[in-house]
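In what follows, a structure is listed as structure tokens, so that the remarks can point back to it.
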Amino acid sequence: MRIPEHKIEEIRAAADIVDIVSGFVRLRKSGRNYTGLCPFHREKTPSFSVNPERGIFKCFGCGKGGNAFTFLMEIEKLSFIDAVETLAERYNIALSHEGAMRPEAREEIEALYETNRLAARFFHATLQEESGSDARAYFAKRGWEAGTQRVFGLGYAPDAWDHFLNHARTQGIDDDVLETTGLIVRKDGGKVYDRFRGRVVFPILSVSKKVLGFGARTLQKDGQPKYLNSPETPIYTKSKVLYGLTQSHRAIRDADAVVLVEGYADLISLYQDGIQNIIATSGTALTPEQVYLLSRYTRNFFFLFDADSAGMNAMLRGIDIILEADCDARMVELPTGEDPDSYIRKYGVEKLRSRINEALSFVDFVTSRFQAEGRLETPEGKAQVVHRVVELVAKMDDPIRREFYIHDIARKYGIYEHLLFQEMDKELRNVKRERPAAHPVSLSDVTENVTQEGGTLPREEQEFCTLLLQASTAMQGEVLHGIRIGLFRDRRIQSLLHVLFEQEEHDGHINTDALWAWVEDDIAMHGLLADMLIERTPVSARWAEEQNVRPVDERLLLLDAYKRLLHRHLRQRRARLKERLRDETDADQQREIATQLQSLLAREHAVRICDSFADLPDVEE
């Protein structure tokens, strides 16, 4: 199957890369670009840039880059075709395919996504049937309206051993694929049956609405287990997924805050009543991967867990992870015996909002826990709480935040600040020992593009191509006719220059947008091309004007960059001749080599003083 080139170009042109990336990264305007924290590697200082004019992104930390297709391929682990189809559906562009239809034998990842999507539709459709009456009654008892059920794709798994299994088989889904997704269970004897039976179903989605897995709750009063989840699969890792992020990520970004709850029911009830900047950990402990995922949208976390010992302990454990990610943690306290769902149904959304607005800082929360346990009534207990709070403060990377918290602790407990700073210094040394050293990103890591397959790109060649792609149309044509592609030693650069030359010869100009069709699903080349096309954000849009800087002579810049390539070529030839001269014993041959060396030196000088592409000397024999 192949999607026609003109359709791919139509989708690429329609795709708003800022809107697409904003679904995963909180972006801020910075000059002509948008910047944010890279979603592909851990960082605390933004090095990820999006250029809306060219429709590309680039991380100057890890090197990943490309266009809207590339971003979805990387973030969702999609094939090129699936990324194109996803954006076509998003922007309501009808697709036509050349050649045969998609073969039934799909790649494993694509097959898992397709199977989960089939299951989600089956469960949701079953909810509307007569057999789903008990499930509808359960949702009505919860107060969840039909619109809310559609937003979250809620469904029902019939109380039968093979209801879904038989449906999936009629759709041509292989039992092995069903087993991998966890939708069916295989016994030792080979018998297979549905995993989810007689349960309401909660699809677990990625931000781009791919179905990753399912959670399911029994409808039987004493049914065990109460909740049953999909097992981990190649597309579903529980520690990296948060329930409800698909529906809530924009609200989280807009509010610059996220409310964390424990279960599906808590989230759906609050979301329906208007608190939509919310996610659920789905009964699992908060993980560093989940915090990192959320930190793309906000650094302000509000815990809203059940008012029982398990909920309190979960919040206490989560504080460390959030502070280590350089985010802020606040705790919402509910009356004893209440959970978010019961509280909002009993007291209403405004009362709950007030509780959230009055959330405790992690310092006050830890203190209140110690006080509830009676541990603040002795000097030893007070010392313990101070040690614990200082330990938490030391996990922050921001020294200014640490200092303000130390001031607050000193005032609260009447302790000399210098003693607290001494204690924090000890903790900081411990934190430094515990944390693995971060891999430093040097300038060479950024300017010498290292791809997964092609190795290190020669810096001179990347610099030249970057200048060429960003030059004016007239200058691009002049330069292409003045260079020798054979002098470039990297095959990727040679291929790129051949494509540019063909474009210029055929169309009379270079079309950088059309270059994406050339690289298509080559992720490494996407990063290379994005690195060359994206412009670094200047210090100020009017900096050059205010500093009275003369306009850049792009012809001179390109000439100097190409001359560096020529000098490299000549130096390498000179080094080889010198090596031959050292090993040569014949006098006539020595004189011949010496003559060649003199010729090379003369050519190096001629290249050095040349001031136009047309006058460059031939550096070959």
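Derivation of every value follows stated rules applied to the coordinates shown; laboratory data play no part. This one's a predicted model, so the numbers in the text were calculated from it and none came from an experiment. Here the Cβ positions follow ideal geometry from the backbone for every residue, glycine too, while neighbour counts run over all protein chains shown.
At 25 °C and 0.890 mPa s, grab the translational diffusion coefficient of the chain from Stokes-Einstein with a Kirkwood Rh over Cα pairs, rounded to a whole number in µm² per second.
85
Positive end of the dipole of the chain, charges at C-beta (+1 Lys, Arg; -1 Asp, Glu), about the Cα centre: which of A14, A359, L72 has its Cα farthest in that direction?
A359
Report, ordered by chain and residue number, the lysines lying within cross-link reach of K221, taken as a straight Cα distance under 17 Å and ignoring same-chain residues fewer than 8 apart.
K141
Cα to Cα, under 16 Å, and not fewer than 8 places away if on the same chain: which lysines meet these conditions relative to K77?
Within reach: K64, K209, K210, K240.
Non-local amide H neighbours of I56 (under 5 Å, H modeled in plane, Pro and chain starts lacking H): which ones?
Under 5 Å from the amide H of I56 lie the amide H atoms of N51, each far enough along the sequence or on another chain.
Suppose we keep just the DSSP beta bridges with both residues in the chain; what percent of those would be antiparallel, to 5?
80
Could you work out the helix-only [θ] at 222 nm for the chain, with each DSSP H run of four or more residues adding -39,500 (n - 2.57) and the total divided by the number of residues, to the nearest 500 deg cm²/dmol? Walk me through the numbers before you get to the answer.
Details: 28 runs with 322 residues, N = 621.
Estimated from H runs of four or more residues: -16000 deg cm²/dmol.
Tell me which residues come under 5 Å, amide H to amide H, from G213 once H is placed; ignore anything under 5 positions away on its chain.
I204
Note the angle between two axes, namely the Cα long axis of helix 108-128 and the longest principal axis of the Cα atoms of the chain, as a number of degrees from 0 to 90, rounded to the nearest 10.
Once rounded, the angle reads 30 degrees.
Explain nothing, just compute: Karplus ³J(HN,Hα) = 6.51 cos²θ - 1.76 cosθ + 1.60, θ = phi - 60°, for every residue of the range 579-590 in order, whole Hz, x for Gly and Pro.
For the range 579-590, the Karplus curve yields 5, 5, 5, 5, 8, 7, 10, 7, 5, 5, 5, 5 Hz.
Sort the following peptides by mean Cβ neighbour count (other Cβ atoms within 10 Å, averaged over residues), highest first: 10-21, 598-609, 481-492, 65-76.
Highest-to-lowest ranking by the protection proxy: 65-76, 10-21, 481-492, 598-609.
Please give every one of the lysines within straight-line cross-link reach of K382, meaning a C-alpha to C-alpha distance under 28 Å, and leave out same-chain neighbours fewer than 8 residues apart.
K395, K412, K426, K432
Between the range 473-518 and the range 215-247, how far is it from one alpha carbon centroid to the other, in angstrom?
52
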